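Notes for the one structure printed next.
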Amino acid sequence: MSHADPFDAISDPNRRYLLEELRRAPRTVNELAEGLPISRPAVSQHLKALLDSNLVSVSPSGTKRIYAINKPGFDRVNLWLDQFWS
């Protein structure tokens, strides 16, 4: 399965904010939207871009969807960045 470019996904400041929040703890869309000056549907669209690039995962919990960092999804980013340190 091919994923969208993670570098495109993290180029947006709102998506970087979402990743920073999810790094602290898994959260719902509503919880994530509280810290942003954009609508809940816009947060959902940003989360979709992060999902498509494999940087976050989502799991159902009752009627809620819980978003979390997908650490294996960062492997491609880490491999690219590591070339500058070795």
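The residue list LEU51, LEU55 contains one member that is in contact with a helix residue (DSSP H, G or I) (Cβ under 8 Å, 6 or more places away or on another chain), within 16 Å of ASP12 (Cα to Cα) and of a type outside the set (D, E, K, R), which is LEU55. Among residues belonging to the stretch 38-61 that are part of a loop (DSSP other than H, G, I, E, B) and modelled with pLDDT under 95, point out the one that is surrounded by the most Cβ atoms within 10 Å (Cβ to Cβ). So, considering only residues that are part of a loop (DSSP other than H, G, I, E, B) and modelled with pLDDT under 95, the one surrounded by the most Cβ atoms within 10 Å (Cβ to Cβ) is ILE38. For the stretch 22-37, the set of residues classified as open to solvent by 80 Å² or more (accessible area, probe 1.4 Å) and among the polar types (S, T, N, Q) consists of ASN30 only. Looking only at residues of the stretch 12-37 that are part of a loop (DSSP other than H, G, I, E, B) and at pLDDT 95 or above, we find that the one that is nearest to LEU81 (Cα to Cα) is ASP12. Scanning the stretch 62-74 for residues that are assigned to a helix (DSSP H, G or I) and open to solvent by 80 Å² or more (accessible area, probe 1.4 Å) yields LYS71, PRO72.
The values are calculated or read from the model by the stated rules, or taken from the named source; none is laboratory data. Everything numeric in this text was worked out from a predicted model, so none of it was measured. Positions of Cβ are backbone-derived with ideal geometry, glycine not excepted, and every protein chain shown enters the neighbour counts. These accessible areas exclude ligands, DNA and RNA; they are computed on the full protein's heavy atoms, side chains included. Shrake-Rupley method; radii C 1.70, N 1.55, O 1.52, S 1.80 Å.
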